[in-house]
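For reference, the structure discussed in these notes is given below.
Please treat every number below as a calculation from the coordinates, not as lab data. Quick caveat: nothing in here was measured; it's all calculated off a predicted structure. Cβ coordinates were reconstructed from backbone atoms using ideal geometry, including for glycine residues, and neighbour counts include every protein chain displayed.
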Amino acid sequence: MENLLDKESVKRVIKVLNDFDTTLKVQVLNSSARTAEDAARSLDTEVGSIIKSLFLRTKNSFLLCLIAGDKRCSLNKIKKILGEKDVSMGNADQVKEVTGFTIGGVSPVAHLNPLKIYIDQSLLRFKNIYGAAGHPNCIFKIDFQNLKKITKGEVMDISE
């Protein structure tokens, strides 16, 4: 089996994590973490502690919303925050082109292009949270304050 840590998308995440804090490590799971439920099962943790990276598009830009695995992103709240009427999920091609990741492995960090990032405040409930690391079988553990720092994300109430 290929070494997932050698994949270009995972290496990008490892570099950003190492540059930020050498104690942050990418973990390769034996099972998929493609969905929050899968990741929680693989890690034996609460679904809410899994960071869902949701890629949204507006008329003129893209953004990433980091949401607790047990919550849903509120497009209505996002529309109000942005003052935009047209906000929707980006398609797989847009996700890959802008972030450099495929759906199921979109990391909160190491995107190919700069993205505005919103972090849902519901993630504050957990001591440790887990983000995708560039592949559906790779994750990293981080705490909320460091997630905020490493992503330069804005903390908002964006869940339903």
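Listed values, structure above:
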| item | result |
| --- | --- |
| Principal axis dimensions, largest first and in whole angstrom, of the stretch 75-143 by Cα | 34, 31, 18 |
| Under Karplus coefficients 6.51, -1.76 and 1.60, residue-wise ³J(HN,Hα) of the stretch 137-144 in Hz, glycine/proline x | 9, 10, 9, 9, 9, 8, 9, 4 |
| Total formal charge among the other residues, if their Cβ is under 15 angstrom from that of Glu160, Lys/Arg +1 and Asp/Glu -1 | +3 |
| Extended-chain gain in nm, criterion 0.36 nm per residue less alpha-carbon gap, Gln145 and Gln121 | 7.5 nm |
| Cα centroid separation, the stretch 29-62 to the stretch 108-160 (Å) | 10 Å |
| Computed P(r) (all Cα pairs; the stretch 47-109; 5 Å bins; percent) | 4, 18, 28, 23, 19, 7, 1 |
| Potential lengthening between Arg72 and Val28 on full extension [0.36 nm per residue; Cα-Cα distance subtracted] | 13.2 nm |
| Local electrostatic count, Ala132, Cβ distance below 10 Å [Lys/Arg +1, Asp/Glu -1] | +2 |
| Dimensionless Rg ratio for the chain, taking C-alpha atoms and the 2.2 N^0.38 Å reference | 0.96 |
| Antiparallel bridges, percent of DSSP beta bridges restricted to the chain (to nearest 5) | 70 percent |
| Fully extended contour minus Cα-Cα distance, from Asn113 to Asp157, at 0.36 nm per residue | 13.4 nm |
